[in-house]
Each structure stands twice: as C-alpha cells, then as structure tokens.
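S.K.: Quick one: this structure, given as structure tokens, is what I'll be asking you about.
The values are calculated or read from the model by the stated rules, or taken from the named source; none is laboratory data. None of the values given here were measured: they were computed from a predicted structure. Backbone-built Cβ (ideal geometry, glycine too); neighbour counts: all protein chains shown. Ligands, DNA and RNA are excluded from the accessible area calculation, which covers all protein heavy atoms including side chains. Shrake-Rupley method; radii C 1.70, N 1.55, O 1.52, S 1.80 Å.
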Amino acid sequence: MSPTRWSLRARINGEDHRVTPKELLFDVVYVFAFIQVTDWMAKDFSWRTTAEGLTVLAILWWVWIAWAWLGNVMRADKGLPLAGFVVSMVAVFGLTITIPGLWEAEAGGLAPLAFTAFYVLIRVLHAAVFFWGVRDDPRIRRQIILSTAAWIPAAGLLVAGALVEPEQRLYWWVGTVALDILATWILSVRGPGWKVHSGEHFAERFDLMVILAIGESVLAVGITAAGIELNPELMAIALLGVLIAIALWWPYFKDVGPTLENALGEADPEHRNDLARDAYTYLHLPLIMGILLVSAGNKGSVLAIESEQPSGDSALLMAGGAALVALTCAWLMRMAGGTARWLVVSAVFFVLAMLWMPLIDPTIATLVTVVVLCAVGWLTPAARHRESVVIAANEEH
C-alpha cells in the first residue's frame, strides 16, 4: 500500500522543535509590511501619520503572534496547519497592500474594508486550525476560546473604524489594538494560559522577526537612495543607514536575545509560558516599533537630500525610535535577569536627544545614533546574574 501523501493530522511538537522553512516563508511577507509601515510614517513626519503607522504595525503584529504560538505547538509544514499558514500568508499580503490607502479612504472604502476582512479571515482561520489541532488538550482549547472572546470585540472596533470617516478611523483602530492586547493578557493570566512546547523554537522565531525588521531598515534606505542622483552626501547617509542596522543588531543579538533564550531554557514549564508571554509576545512589539521608527527617520534623512530641505523631524523620529529600542531592551534584560544599566543610560540619552538632535545636520544625527547604540552593545554583558523577574513574581503566588 502506498503511503498517504496528505493528512489533516496535526503533528504536535516536542522540546527540540526548531523553526520550519514554511514559517520562514510566512515571515517574508512581513518584510513588505514593514516597508509599507515605514513608508507611511516617513510620508510627512507628523504625529498622526506616526500613530497611524504604529497602529497598523500593532494589528499586523497580533496576527503574526497568533501563528507564532500555533507553530510552536504544532508543525507549520504538515497537515491542516500547513494549509492554514498558506492561506494566512496570502491574507497577510492582502492586508499589507491596503496600507497606503487605509487612512485616506472614505467611510466604507475598499482599502479599510479589505483590511478588516483579511484580518477577520486570518483570526477565524487561526482559531479553527488551532482548536482542531489541539483537540486532545483541554487546557489549550479553553485558552483558545478565551482568546477568541478577546479578539472578536476588537474586530468589531476594526469594522466600525472602516465604516467611519478617515479622520475618525485612527481612534477606533487604536481601540482595536488596546482591547485586543489588554483582553488577551488578562484572559491569559486569569485563564489556563498557553504552552511553550519548544523554548528554542520560540526564541528563534522572534529573533528572526527582529532580523527582518532590521533588514527592512537597510532596504528602506537603499530603495529610497536608488531613486536619487548619487552625490557624496547621499553616499554618506546611505552607508550610515547600513551602520544603523548593525547598531540596532548589536545590543539585541549580542546581549538581549541570548540572555532571554537562556532564561527561557532554564525556566520550569509554567514560568516559561509566562516569560514567553510577557517578554516575547508583548515586549517585542515596542522593540519592533522602535526599529521601524529609526528606519523611518533614516529614510527621511535620505529624502531631505533629494528635496534639499533638511528637516529636524527625521532626527526626532530616529532619536525617539532609538530611545524605544534601548528602553525595551533594558526592560527585557531586567526580566531575564541580565544587566540593563547601559541600556537605561542610552535610553535616557536618546530621550534627551529628541530635544537637540533635530537641530543638527541629519548626517551627524545618524552618526550619533550609530555610535551610541554600538557603544551600548559593546558595554552590556550578556551573562545573567539573577533569576528572571517573571519567574520570581510567579513564585510568590
């Protein structure tokens, strides 16, 4: 009898599971999503466009998080989960191509309605695939039901936002993000909670997403610079854009990432779930936001060369993004039991730099960002000196 070529059966992962090629392919769509978000925030450097870009990023992040947890529990390249990942990947691309028209479309316009429809499709598909795949695990099935109870009202706000005038849409969609994030966290803490089957897979999945966000910063500068006539100033700012990517990579992948993975590996199963939820699911969102803010600021520096009208707004965005990256990394290090002193110092530096960096030349502002982030990466040790704060907090209850 010939072996079955296709089976709907889900393959539950063990502790040694690693990221599959299908998950890598799924994540590639997010490079395009990051570029779209960065382009929108660099459009006019207003507070509103920045808020709109970060709101869309948060919605896309919550979609990615859902499938990241599913892929940790069951193989993404086998059976029904594979079909779910394929359909979801196409739908995420559909979400992404609507981004340029989201905030200017009239009430009930194609872009916001399509964005909402793709979002609902992805969340329904995820819940169905996950619920079916863990049908023998009552704990996770109950948690899926609770999480569904969190995102359905959030999706309702998303629908409402698509049907109102564009100047009101941001408020509804910020409500979507806030409700989804808050309700999911409360129901996860109060409910049975999720299960991390493989700590290595979980850490690797998030490390790769950070790499993609950093890689997008290189693409954003390169694509923008390619459309401008080459001159020494453009070459300098473009090369500094690559150094910015290295500077963002250094503190995380030398210090923060290894410390987190170490803490996740040493934690007992229940505390591992809490650390994965707090440090990865929640705190990696502001980390990605900070990276894209720096990217948008760097892109703005390149655009200023073309327009010959330098603006301090790009430096403000760059300093704010660097402050958010440094502060989030410090928080992550503290949670994982690592040393965060220099990361805190750099966060304070960049917060203060938001006052004076917009007043200096964009090239100098970029160089300052590179030097400070690299120095922090050099000075911060990756070794842990105490137990995870999350683990200690849970042991008290």
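S.K.: Taking the stated definitions as given, is Asn298 in a helix (DSSP H, G or I), in contact with a Gly (Cβ under 6 Å, 6 or more places away or on another chain), surrounded by 23 or more Cβ atoms within 10 Å (Cβ to Cβ) and at pLDDT below 95?
M.R.: It is true that Asn298 is in a helix (DSSP H, G or I), in contact with a Gly (Cβ under 6 Å, 6 or more places away or on another chain), surrounded by 23 or more Cβ atoms within 10 Å (Cβ to Cβ) and at pLDDT below 95.
S.K.: Under 17 Å from the mean Cα position of the chain (by Cα), crowded, with 23+ Cβ neighbours inside 10 Å and either at pLDDT 90 or above or in a helix (DSSP H, G or I) (or both): does that describe Leu248?
M.R.: yes
S.K.: Out of Arg75, Arg48, I need the residue that is among the basic types (Lys, Arg) and surrounded by fewer than 16 Cβ atoms within 10 Å (Cβ to Cβ). Which one?
M.R.: The unique qualifying residue is Arg48.
S.K.: Moving on. Six or more apart or on different chains, Cβ atoms under 9 Å: show the pairs whose first residue is in the stretch 333-362 and over 25 Å from Pro381 (Cβ atoms) and whose second is crowded, with 23+ Cβ neighbours inside 10 Å and hydroxyl-bearing (Ser, Thr, Tyr).
M.R.: Qualifying pairs under 9 Å: Met357/Thr369; Pro358/Ser314; Pro362/Ser301; Pro362/Ser314.
S.K.: Could you tell me whether Trp342 is open to solvent by 10 Å² or more (accessible area, probe 1.4 Å), touching a helix residue (DSSP H, G or I) at 6+ places or on another chain (Cβ under 8 Å) and over 19 Å from Glu233 (Cβ atoms)?
M.R.: yes
S.K.: What pairs can you find where one residue is in the stretch 95-108 and open to solvent by 70 Å² or more (accessible area, probe 1.4 Å), the other is at pLDDT below 95 and assigned to a helix (DSSP H, G or I), and their Cβ atoms are less than 6 Å apart, with a gap of 6+ or different chains?
M.R.: Glu104/Pro166
S.K.: So in the stretch 318-339, with the set limited to residues that are over 19 Å from the mean Cα position of the chain (by Cα) and open to solvent by 10 Å² or more (accessible area, probe 1.4 Å), which one is modelled with the highest pLDDT?
M.R.: Across the stretch 318-339, the extreme among qualifying residues is Arg334.
S.K.: Over 19 Å from Val189 (Cβ atoms) and crowded, with 17+ Cβ neighbours inside 10 Å: does that describe Ala154?
M.R.: No, not satisfied.
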